There are 2 protein chains.
Amino acid sequence: MANPLFRDRDLEFVLYDTLRALELTRLAQFAEHDRGSFDMTIESARRLARGVLLPAYKPMDDEPPRLVDGSVIVHPRLKALYPELAALGLVVATRPAAVGGHQLPRIVQTFASAYLMAANLSAYGYIGLAAGAAHLLETFGSDALRASYMVPIYEGRWLGTMALTEPQAGSSLADVSSRATPAPDGSYRIAGAKIFISGGDHDLTENIVHMVLARIDGAPAGTRGVSLFCVPKRRIEGDRLVDNDVAVAGVIHKIGWRGLPSLALAFGDRGDCHGWLVGQPHRGLAAMFQMMNEARIMVGMNGVATASVAYHEALAYALDRTQGRPETAKDPALPPVPIIEHADVRRMLLRQKAIVEGGLCLIGRTAIYADLAEFAAEPTARIRARQLLDLLTPVAKSFPAERGFEANALAVQVHGGYGYTSEYLVESLMRDQKLNSLHEGTTGIQGLDLLGRKVVADGGAGLTALGEEIAEAARAAREAGVEERLVGSVTAAMATVQALTAVLASKGLAGDVAGMMLHSTDYLELFGILVIAWQHLAMATAARTTAPTSDADRALFAGKQLSAEYWISTELPRLTALAEICRAGEDSYARIRPGEL
Amino acid sequence: MANPLFRDRDLEFVLYDTLRALELTRLAQFAEHDRGSFDMTIESARRLARGVLLPAYKPMDDEPPRLVDGSVIVHPRLKALYPELAALGLVVATRPAAVGGHQLPRIVQTFASAYLMAANLSAYGYIGLAAGAAHLLETFGSDALRASYMVPIYEGRWLGTMALTEPQAGSSLADVSSRATPAPDGSYRIAGAKIFISGGDHDLTENIVHMVLARIDGAPAGTRGVSLFCVPKRRIEGDRLVDNDVAVAGVIHKIGWRGLPSLALAFGDRGDCHGWLVGQPHRGLAAMFQMMNEARIMVGMNGVATASVAYHEALAYALDRTQGRPETAKDPALPPVPIIEHADVRRMLLRQKAIVEGGLCLIGRTAIYADLAEFAAEPTARIRARQLLDLLTPVAKSFPAERGFEANALAVQVHGGYGYTSEYLVESLMRDQKLNSLHEGTTGIQGLDLLGRKVVADGGAGLTALGEEIAEAARAAREAGVEERLVGSVTAAMATVQALTAVLASKGLAGDVAGMMLHSTDYLELFGILVIAWQHLAMATAARTTAPTSDADRALFAGKQLSAEYWISTELPRLTALAEICRAGEDSYARIRPGEL
């Protein structure tokens, strides 16, 4: 049986039964939509993912793009499938009709994309990056820039990138040193080196639009002197595209996402690299964060998708592969059993399942908050949704990366020695997953963001809103008949997180910022456990309140209940232990000196 | 600075100051030895590891052995270094003088090997497997077999393998189906297919001796009908070596250990594969377990070594790489700091350090128990050491594999985006590490072994002995002035494990074996946390009772104290949480049905 990537009914269950995404169609922005258009969007992506993208995945992993005479040549399979990928229109799916978009809710675009990501992360990467770049131009660019460089991306004719990172600066965008010198025509001449630019060059489209962070001559030091520029590979001059002095300085040999090249790019080596300011001077970082926050949620979806495809590989293997006998019936005259009969194999599968399902529900919920933050009718609803979105973004980005990597390693483990070979897909999926804890802000940076900014912003309004959401989920769960031991554990965990946050925040207010932030990664982890427990509670509730229409439904709902039991029973004790470590302020790594490591 | 693989003074500290390995020289078996011979053994391995094996590691990862006309051709670098590797004499280091050995304690051989493993797991693999094979012949083989097939291995002229696994049977050795048909000359004709045979063919030596599990015609089903055979690649006929009908059926494309081929082998396709029985008929599994138990400790050392070399890569990177500024001093006019200044980077380094140091001490201790079990003067001491060895073997095998993989992933994470590239060593080390949770019994199998056999064997004598050892370590720690909060936590954790074990064992005695074993992998994990906490307690004690002779000593000892604080403070709460899950018998994955996954 071919890998389903996601189980369709499960995805629908999360979308419609748990998160009630059809309620979004009551908003003016989405009024033209209904279940038919949602399903059609998802179905077209699903079909392409299963039929075309997944079969191309392994060939693309085996043979990464090549650098030939300074240009990147992609895999022929990718070249062949790209027109169909572009034709899905996902780059413009959420955008307003005014720019040619379909005004779909993000959750629909995200869940459609999930199939593409699960099938072939690299192939999806090209359009994901392009969508972010074009959206920046849409929001911050001049009319002229939008017409010249956004429209071709939205039409699927060009692609785009984010060009933030520089070799000497890494994650520290305050240290961006690429320069932008004003030119008489109102544009700028860009000069600088960028690294880790995904899709920074390729032969899929005739042009690539880079969104580049650089410093206008004389700009202040630090993040407040960084501006955003539109810097195409080929610039428009009259009715021609001419070379814009963006050169490939090197190909980075990545260990995963091998169908999508990661490049070092040199801008303006010949002094002829034209860039156009996007938004206000020195406000580039604020603009870039729009893209980055969207990107973080998509990275979260990458993580869930990569764990999901591996989970389905492992599940199929465990159902098919016979080996050994149960601990309780070891008679060698009996035939060996499918390994799914072994309790520890089921543990590994249920753990993967709980991570995937919890992650999917979280990403979906975060996408809904993103839409409500922009399009809810009431300003108070918009503000509340924004607070929840901001709070959940670091979790949505990091939980699937970290626990997804664990899930991917378990998928290898279920395959035994065979999982350690390139004959099976699980090893390359594990390699793919590792990037998600690194790009778009490492896990450590997400922890700093969550504890240092998000939970303390607006007097803790986001955390208060989360508490209300979880209280409401608990109320609904009790009403639906979910066991009190599960519901009570989740509400108790929320109280633990609130109390811990108060302790840490007062440490910070008392001047001990280093002490407050010392366990920020542990805090992120325990926060993630809570947030995922909430998703499982919501899914267990929906599984009880939705009428099954088939045996498959009944199995799905029983499985949801058991995922919830597993996660809540086994992970909340870990949350409690982590909270105690954070509270006690265990400070071994604060005190250790470099020479003692 | 070149990677040290292990820090020499640290290894000495564990060997001499913590584990007091020189006390072994009081035993008759090791009476010829002293610190000089111990150090010389380690130093010669260390020098070869750093100077020759490590530089060959990446080339060997990049270009795995090739299959040419049915024979495996290894990397030229390996071919060139093999004579020096063989000349170290580690294959025969622990063996008795009667067979040409040096009668060294295993801990010395193991710690010397640790450098080789850290530098180049694959290169070490050849001699590690050969040692196991030859030792089986030494213990169970006839005089004729020993003279013919053991001696050349001990002399470094030939190599050997373990050929257990069959495609249809995997970990389930009860299902071995290779056949052995008695021949008139007293030998057997072997026929069958084996898979995942590491070093199963190569051009390093003129012959390879396979230790093969097979079933004599008419043998009973299950493990009680499996016999062990010596099956050389080329058999001795007169003064010639003739082809023995062992063919390479395929090369497995492994994702790590890429310098050591893993093969599918076909025995006896032409009906001319001669094998000689080793030990008693149908008792092959018992014999093989001698080799497997030694192999499991060596796999543990593989895991520690692979985590150690990666830790030193990450440490060097974190000291060198500048990026960003501390949370408490973000002025962009200040220069960026080395990333080791960031608390979360130090967390990741200290975590790796604690895993590596705890693992090294555990492997060393286990190796000492192995020698005491064989060579202690008093029978009671031998019995007690055997009980502790048996109890600790599954932990020594699995802890470095599981937590080592986490440590290796953290080493990648410390490198940021650079860690995701093949320009740095950390990614291939992470790939290498993954095998250790799979071969020589998966982690799940180690959990079944620990809870199902080891802790309940002999009325729980091993666990009782462990409790006594930990009580003694606590007494010594208190006497040395280690903080009571650390000592008390470890003794409380031991009590938790004893109480939990009693609960689980009585569940089993009451007939609920499935319930007892349901959380065997969680039990293994929490048991490992305790055992490693014990090692840290012992090292913290030794760090207080050993007189420092240099600033480097003082830094090492301070670092030991902080490793102990970190591990005990952050991991024992996890042990408590896991114990509660095991005790409560959370049964979600017992109840879930395949169709609900």
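Return the average number of partner chain Cβ atoms within 10 angstrom of each residue Cβ along peptide B:566-576.
Per residue, the number of nearby Cβ atoms from other chains is 4 on average.
In whole Å, what are the extents of chain B along the principal axes defined by its C-alpha atoms, from largest to smallest?
80, 61, 59
Tell me whether the range A:1-155 comes out rounded, prolate or oblate; compute the Cα gyration tensor, take square roots of the eigenvalues as a ≥ b ≥ c, and use a/c under 1.5 as the rounded threshold.
Judged from the Cα gyration tensor, the range A:1-155 comes out oblate (a/c at least 1.5, b/c at or above a/b).
How would B:ASP62, B:ASP522 line up from fewest to most surrounding beta-carbon atoms within 10 angstrom?
With the sparsest Cβ surroundings first, the list reads B:ASP62, B:ASP522.
If I require 27 Å or longer along the helix axis, counting alpha carbons, and a Kyte-Doolittle average no lower than -0.5, what helices from chain A are left? Use full DSSP H segments.
A:121-140, A:284-320, A:343-375, A:379-414, A:461-480, A:484-509, A:520-545, A:551-584
Taking the label point 7 Å from Cα in the Cβ direction, how far apart in nm is B:ALA80 from each other copy of itself, listed shortest first?
Ordered by increasing distance: 4.2 nm.
Per residue of A:520-526, count partner chain C-beta atoms within 10 Å of its C-beta, then hand back the mean as an integer.
2
Please give every one of the lysines within straight-line cross-link reach of B:LYS507, meaning a C-alpha to C-alpha distance under 20 Å, and leave out same-chain neighbours fewer than 8 residues apart.
Cα-Cα hits under 20 Å: A:LYS330, B:LYS454.
Longest span of chain B, sites excluded, free of trypsin sites (Lys or Arg not before Pro) in DSSP loop with at most 14 other C-beta atoms within 10 Å?
B:331-597
Relative contact order (percent) for the range A:149-232, with alpha-carbon contacts under 8 angstrom and 6 or more residues of separation?
34
Among A:VAL108, B:VAL242, A:VAL487, A:VAL151, which comes first, second and so on when ranked by fewest other beta-carbon atoms within 10 Å?
The fewest-first ordering by Cβ neighbours comes to B:VAL242, A:VAL151, A:VAL487, A:VAL108.
Short version: what are the Cα gyration tensor semi-axes of the protein assembly as shown, square root of 5 times each eigenvalue, largest first, in whole Å?
Semi-axes, largest first: 51, 33, 32 Å.
Express the C-alpha Rg of the range A:86-136 as a ratio against the empirical globular expectation 2.2 N^0.38 Å, rounded to two decimals.
Normalised by 2.2 N^0.38 Å, the Cα Rg of the range A:86-136 equals 1.07.
Which ordering of A:SER588, A:SER113, A:SER142 is given by a fewest-first count of other beta-carbon atoms within 10 Å?
By the 10 Å Cβ count, ascending: A:SER142, A:SER588, A:SER113.
Report the semi-axes of the equivalent ellipsoid for the range A:473-577 in whole Å, largest first, where each axis is √(5λ) for an eigenvalue λ of the Cα gyration tensor.
Ellipsoid semi-axes (Å, largest first): 34, 12, 10.
Do you know the relative contact order of the range A:133-181, to the nearest whole percent, from alpha carbon pairs under 8 angstrom that are 6+ apart?
Relative CO of the range A:133-181 lands at 27 percent.
Viscosity 1.002 mPa s, temperature 20 °C: Stokes-Einstein D of the range B:308-440 from its Kirkwood Cα radius, in µm² per second?
So the translational diffusion coefficient is about 127 µm²/s.
Calculated FRET efficiency, B:ALA2 and A:ARG240, Cβ-Cβ r, R0 35 Å, to nearest 0.05?
Approximately 0.05, to the nearest 0.05.
Grab the Cα-Cα distance for B:ASP331 and B:ASP458, subtract it from 0.36 nm times how many residues apart they are, and report the gain in nm with one decimal.
So the extension gain works out to 39.2 nm.
Give the nm distances, rounded to one decimal, from B:ASP185 to the matching residue in every other copy, measuring between label points 7 Å along Cα toward the beta carbon; shortest first.
Spacings between copies for this position, smallest first, are 8.8 nm.
Taking the simple approach of a point 7 Å from Cα along Cα-to-Cβ for both A:ALA97 and B:SER71, what is their distance in nm?
In this crude spin-label approximation the distance works out to 7.6 nm.
Given the DSSP H assignment, sum -39500 (n - 2.57) over each helix run of at least 4 residues in chain A and divide by its residue total; what's the result at 222 nm in deg cm²/dmol, nearest 500?
Result for chain A, helices only: -18000 deg cm²/dmol.
Enumerate the whole-percent occupancy of each 10 Å bin, from 0 to the last occupied one, for all C-alpha pair distances of the range B:250-394.
With a bin width of 10 Å, the distribution comes to 9, 20, 23, 20, 14, 8, 4, 1.
State the volume of the convex hull built on the alpha-carbon positions of the range B:472-511, expressed per residue in Å³ and rounded to an integer.
About 42 Å³ per residue, rounded to a whole number.
Relative to the other copies, what are the label-point distances for A:GLY100, with labels 7 Å from Cα along the C-beta vector, expressed in nm at one decimal and sorted shortest first?
Label point to label point, same position, other copies: 7.7 nm.
Please report the residue of chain A with the smallest beta-carbon distance to the A-to-B rotation axis, and give that distance in Å, no decimals.
Spelled out as residue then distance in Å, it is A:ALA577, 2.
Averaging sequence separations of C-alpha pairs under 8 Å and six or more residues apart, then dividing by the length of chain B, give the relative contact order as a whole percent.
About 12 percent, as a whole number.
The numbers here are math on the coordinates, done by the rules we state, and not lab data. These numbers come from a predicted model, not from an experiment. No Cβ is skipped: glycine too gets one built from the backbone with ideal geometry, and neighbour counts run over all protein chains shown.
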